[in-house]
Amino acid sequence: MDLYEHQGKELFARAGIPVSEGRVATTPEEARAATEELGGPVVVKAQVLVGGRGKAGGIRLANTPEEAEAHAAAILGMDIRGHVVRRLWIEKASDIAREYYLSVTFDRGEKTPLFMFTTQGGIDIEEVAETNPEALVRLHVDPLEGFQPWQARRLVYGAGIDDPGEQKQVAAIVEKLYGAFVGFDAMLCEVNPLIVTPDGEVKALDSKFTVDDNALYRHPDVAEMRDVEAADPRERLAREKGVTYVKLDGEIGILGNGAGLVMATLDVIDQVGGRPANFCDLGGGGDAQGVVDALEVITSDEQVEAILFNIFGGITRCDEVARGILAALGQMAIEDPIVVRLDGTNAEEGRRLLTEAAPANVYVEETMLSAAEKVVSLK
Ligand code: GDP
Ligand code: MN
């Protein structure tokens, strides 16, 4: 789950990382009031789950409450690379002497957390990695040993910071960022820019914070930060119904039982020249309600032209799933062709049930490949 900048900063603050004071605003009037409360110049910042807001015009300095109100009116409703701005973060403006970059994320290859730090902050880190790779200091942390203070010093010296006060502050922030990363079960904690003010104060001016969905049960307060309105409407519907669904951009709706089987189905559809519209895992059951829920989500995508059920009966028997499909199709009208591949426990009985009772737009196949070819030919 990705957090908004202001939410990430709240977690930074809880971990002891210095951030600027600010307020959330959802209207120009609130932005004005927030600026009056904060006093002095502020930055009006679009809160969207995508980077590069500055370049898109979603971050503006305001010297007065009137100016903040005007900027807020301009930024609210703005579309930043497909994300519509519906909330703002009004923050006390900082004076910036230097902009650094600091992050900790997982290095999947090494299977350990990886710090990256450079004094070339503020711009895209990919650009630094490409044009100036020696300026980017990388350091792995052994998750069993945990973070060691020398690691912070290595990052700081490696990046060439020579001011002692700055060294101390950055090192402390590095250690606290690791604490936040582990403590909140994060996948990514990125600070770009980490700034140094003209007075030599170091603080986080931006935050990109991604928390592992699977660990949210341990952090109910973080789970509550999810902005349900920002999600893709189909993925939101799926979440509400407890359906495991990921939107893709093809025309063949896919439904299977078991994540591995569904992944294989996506490959086979591609192999026979089709394009999957989604990933959808029915899970262990195959009862009518589960099938109805999944079909509702899949068919809410206007791009879907044909649907493939790929079922391998194990503990859940094929005849049960066939009854679930029949009951579901009895409850809802679907015009798109539906191909059902049933194999495994009680497959023959399942196929017989479907062949005898299913509506005319339902086709039964025995193998994954033949089912994939059939559904692609029907779209
Ligand atoms: P991003 O563009 O989405 O990464 O948003 P950031 O929060 O990183 O802001 C982009 C840029 O706006 C920063 O790199 C700064 O140069 C500038 N900026 C943001 N906040 C302030 C501030 O308080 N004072 C000043 N002077 N510039 C700021
Ligand atoms: Mn940034």
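Bear in mind that the values in this text are calculations on the coordinates, not laboratory data. As the structure is a computational prediction, the values presented were derived from the model and not from experiment. Neighbour counts run over all protein chains shown; Cβ positions are idealised from the backbone, glycine included.
Roughly what % antiparallel, to the nearest 5, for the DSSP beta bridges in the chain? It would help to have the intermediate numbers written out before the result.
Numbers: 46 of 65 bridges.
About 70 percent, rounded to the nearest 5.
Name the residues of the range 49-67 whose amide N is less than 16 Å from a point 7 angstrom out from the Cα of residue 84 along the C-beta direction?
Answer for the range 49-67: 49.
Hey, got the dipole for the chain? About the Cα centre, +1 on K and R Cβ, -1 on D and E Cβ, debye to the nearest 20?
360 debye
So what are the ³J(HN,Hα) numbers for the range 218-225, from phi and the Karplus equation (6.51, -1.76, 1.60; θ = phi - 60°), rounded to whole Hz, Gly and Pro as x?
My calculation for the range 218-225 gives 7, 9, x, 5, 6, 4, 5, 6 Hz in order.
Can you classify the range 171-289 as rounded, prolate or oblate using the Cα gyration tensor, where a ≥ b ≥ c are the square roots of its eigenvalues, rounded means a/c under 1.5, and otherwise it's prolate if a/b beats b/c and oblate if not?
prolate
Find out how many positive minus negative residues lie around residue 73, taking Lys and Arg as positive, Asp and Glu as negative, among other residues whose Cβ is under 12 Å from that of residue 73.
Counting the neighbours of residue 73, the net charge comes to -3.
Determine the sum of side-chain charges near residue 319: Lys and Arg each +1, Asp and Glu each -1, restricted to other residues whose C-beta is under 14 angstrom from that of residue 319.
Summing Lys and Arg as +1 and Asp and Glu as -1 gives -2.
Can you work out the FRET efficiency for the pair residue 357 and residue 107, with r the C-beta to C-beta distance and R0 = 41 Å, to the nearest 0.05?
The calculated FRET efficiency here is 0.20.
Taking the alpha-carbon centroid of each part, what is the distance from the range 131-153 to the range 256-335 in angstrom?
So the two Cα centres are separated by 45 Å.
What shape does the range 311-379 have by the C-alpha gyration tensor, where a ≥ b ≥ c are the square roots of the eigenvalues, rounded means a/c under 1.5, and otherwise prolate means a/b greater than b/c and oblate the rest? All intermediate terms of the calculation are to be shown ahead of the outcome.
On the way: a/c = 2.02, a/b = 1.14, b/c = 1.77.
Oblate, since a/c reaches 1.5 and b/c is not below a/b.
Any idea what the relative contact order of the range 60-157 is, in percent, if you count C-alpha pairs under 8 Å spaced at least 6 apart?
So the answer I get is 17 percent.
Can you compute the FRET efficiency between residue 55 and residue 148 using 1/(1 + (r/R0)^6), with r the Cβ-Cβ distance and R0 = 45 Å? Round to the nearest 0.05.
Details: r = 37 Å, r/R0 = 0.83.
Rounded to the nearest 0.05, the efficiency is 0.75.
What are the ³J(HN,Hα) values, in whole Hz, obtained from phi via the Karplus relation 6.51 cos²θ - 1.76 cosθ + 1.60 with θ = phi - 60°, for each residue of the range 194-208 in sequence order, with x given for Gly and Pro?
8, 9, 10, 7, x, 7, x, 8, 9, 8, 7, 9, 9, 8, 10
Quick check on packing: order 130-143, 186-199 by the mean number of other C-beta atoms within 10 Å, highest mean leading.
Sorting 130-143, 186-199 by mean packing, highest first, produces 186-199, 130-143.
How large is the dipole of the range 5-153 about the Cα centre if only Lys and Arg carry +1 and Asp and Glu carry -1, each at its Cβ, rounded to the nearest 20 debye?
Roughly 220 debye, rounded to the nearest 20.
For a quick protection proxy, order the peptides 255-267, 39-51 by their average other-Cβ count within 10 Å, most packed first.
Details: 255-267: 18.3, 39-51: 20.2.
The most tightly packed comes first, giving 39-51, 255-267.
If the reach is capped at under 19 angstrom between alpha carbons, list the lysines near residue 55, excluding any in the same chain fewer than eight residues apart.
Reachable lysines: 45, 208.
How large are Rg and Dmax for the range 268-341 when only the alpha carbon atoms are used, in Å?
12.2, 34
How long are the semi-axes of the equivalent ellipsoid of the chain, taking √(5λ) for every eigenvalue λ of the Cα gyration tensor, in whole Å from largest down?
Semi-axes (√(5λ), whole Å): 50, 25, 17.
For residue 66 and residue 126, calculate 0.36 nm times their separation in residues minus their Cα-Cα distance, and state this gained length in nm to one decimal.
17.9 nm is the gain from fully extending residue 66 to residue 126.
If a paramagnetic tag sat 7 Å from the Cα of residue 231 along the Cα-Cβ line, which residues of the range 246-266 would have the backbone N under 14 Å from that point?
Label zone hits: 246-247.
Taking the Cα centroid of the range 1-74 and of the range 187-255, what is the distance between the two, rounded to the nearest whole Å?
18 Å
Helix-only mean residue ellipticity at 222 nm, the chain, DSSP H runs n ≥ 4 weighted -39,500 (n - 2.57), per residue, nearest 500. What is it?
-11500 deg cm²/dmol, from helical runs alone.
Which shape class, rounded, prolate or oblate, goes with the range 90-240 when its Cα gyration tensor gives a ≥ b ≥ c as root eigenvalues, a/c under 1.5 marks rounded, and past that a/b bigger than b/c marks prolate?
prolate
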